[in-house]
Amino acid sequence: MANNSSSNRNSLISEATHLQLEMPQHSCQQPSFNILNCYNEIFSSSIATSQEMCEACFRIRFQTYCIDNGFEDPASRPDGLERDEFDSHSVHSILTHNATGDAIGTVRLVLPDQDGWRRALPIQRVASALVTDRTAPFPIMRTAEISRFSIVKSFRNYVPDRGFEARLSSDEWRKILIHLPLGLIKSCVEMSAREEMSHWAAVMEPALLRLLTRLGIHFNPLGSLVEHHGRRQPCWTDVGTMLDRVHAERPDVWNVITDGGELWPQSGNGTFENLARHRESTTKPSRQGGVDEFRPVP
């Protein structure tokens, strides 16, 4: 009996060892490893749901727009918060570095209405003739504008010494930094689904547009370049169609910016209406003074 028991134990140990060897090892050093599998371990995207979180967004904007790039006069904002008239009809989000807890980026979606009243989008200031009910190639009342897309410059000098990324090689970390904007795009996807926006407009730096295109995120140009904090390209996209194309071209990127389809399920035909059933089980932020408070989707 003892010999049988020992034999059984050895058999179980051998089987367990065999199973462990067969299981996939999620190591950042594997030759087939995709660096984007690490992204959501390193960064978190959160919709601002309180005044405190909104002010954190405004502080990041102050750093990037007033200090890092000199787009706005810091003396005109002695409180260290960069705000404007579009914030009252916007939703905001924060990109956080998980290992340090530092807020390193922010983006807002400017919405076309506020409590039932129609509001202007920033793009209408720089491309007014192209963005009217008659001329716009997108439905204005279902279009939100990506705005104040910001990542603090100092984070690009950060050397990982803790957390998940401490296991990455210097080359892998460099690739993570190249993909930093994906966290902000992910926030735009989530905010669009909650706010029932089907299209995006933006006035983007050409270099950022080129980076997004390489990642499978395609925008359509709207007119020629304009002068707005430097040379910028007005552009737009149908969110559902764009995400379907990302899924086809870069499923790894799609997985990050839709949280594996949780934020915006892959539809296969790009129609916004396919989100209806998904939205029934979510909540939608109600904006009051630029701060979101969550309520059930009507």
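Things to note:
- Residue list for region 188-208, restricted to those being of a type outside the set (F, W, Y) and not in a helix (DSSP H, G or I): E196, M197, S198, H199, A201, A202, V203, M204, E205
- Leading residue by the ranking (farthest from I151 (Cα to Cα)) among those in region 217-226 that are in a loop (DSSP other than H, G, I, E, B), open to solvent by 10 Å² or more (accessible area, probe 1.4 Å) and among the hydrophobic types (A, V, I, L, M, F, W, C): L222
- All conditions but one from (1) open to solvent by 30 Å² or more (accessible area, probe 1.4 Å); (2) touching a strand residue (DSSP E or B) at 6+ places or on another chain (Cβ under 6 Å); (3) aliphatic (A, V, I, L, M) apply to M197; the one that does not is (1).
- Hits in region 124-149 - residues which are surrounded by 18 or more Cβ atoms within 10 Å (Cβ to Cβ) and within 20 Å of the chain's Cα centre (by Cα): T143, A144, E145, I146, S147, R148, F149
- Close pairs (8 angstrom Cβ cut-off, 6 or more residues apart or separate chains): closer than 22 Å to L109 by Cα and touching a residue at least 24 places away in the same chain (Cβ under 8 Å) in region 65-90, open to solvent by 40 Å² or more (accessible area, probe 1.4 Å) and among the acidic types (D, E) anywhere: Y65/E72; L81/E55; E82/E72; H89/D113
- Within region 150-186, the set of residues being buried (at least 21 other Cβ atoms within 10 Å of the Cβ) and out of contact with any helix residue (DSSP H, G or I) (no Cβ under 9 Å at 6 or more places or on another chain) comprises L184 only.
- Residue within region 72-84 that is open to solvent by 40 Å² or more (accessible area, probe 1.4 Å), over 21 Å from Y39 (Cβ atoms) and among the small types (G, A, S) present: yes
- Taking the criterion of being over 25 Å from I257 (Cα atoms) and in contact (Cβ under 8 Å) with a residue 24 or more places away in the chain, the only residue of region 40-62 that qualifies is Q51.
- Residues in region 166-182 that are in contact (Cβ under 8 Å) with a residue 24 or more places away in the chain, under 25 Å from A48 (Cβ atoms) and assigned to a helix (DSSP H, G or I): I176, L182.
- Evaluation of R231 against (1) buried (at least 16 other Cβ atoms within 10 Å of the Cβ); (2) touching an Asp or Glu at 6+ places or on another chain (Cβ under 9 Å) (one fails), failing number: (1)
So that you can scan it fast, the table gives a plain yes or no per residue for (1) open to solvent by 50 Å² or more (accessible area, probe 1.4 Å); (2) modelled with pLDDT of 95 or more; (3) not in a helix (DSSP H, G or I):
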position	(1), (2), (3)
S5	yes, no, no
N8	yes, no, no
Q25	yes, no, yes
Q29	yes, no, yes
S32	yes, no, yes
E41	yes, no, no
A56	no, yes, no
R59	yes, yes, no
T64	no, yes, no
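- When R277 is tested against (1) in a helix (DSSP H, G or I); (2) at pLDDT below 95; (3) open to solvent by less than 50 Å² (accessible area, probe 1.4 Å), just one condition goes unmet, and that condition is (3).
- Residue match in region 205-216 (condition: under 14 Å from the mean Cα position of the chain (by Cα), surrounded by 20 or more Cβ atoms within 10 Å (Cβ to Cβ), at pLDDT 95 or above and under 26 Å from V131 (Cβ atoms)): yes
- For beta carbons closer than 7 Å, sequence separation of 6+ or different chains, a first residue in region 206-219 that is within 13 Å of D252 (Cα to Cα) and a second that is at pLDDT 95 or above and assigned to a loop (DSSP other than H, G, I, E, B), the qualifying pairs are L215/R250; G216/R250.
- I185 being under 22 Å from A103 (Cβ atoms), touching a Cys at 6+ places or on another chain (Cβ under 7 Å), touching a residue at least 60 places away in the same chain (Cβ under 8 Å) and not in a strand (DSSP E or B): no
The values are calculated or read from the model by the stated rules, or taken from the named source; none is laboratory data. Since this is a predicted model, take the numbers as computed values, not measurements. Methodologically, a virtual Cβ is constructed for each residue, glycine included, from the backbone with ideal geometry; neighbour enumeration extends over all protein chains shown. To get the accessible areas, we keep the full protein, side chains included, count just its heavy atoms, and leave off ligands, DNA and RNA. Shrake-Rupley method; radii C 1.70, N 1.55, O 1.52, S 1.80 Å.
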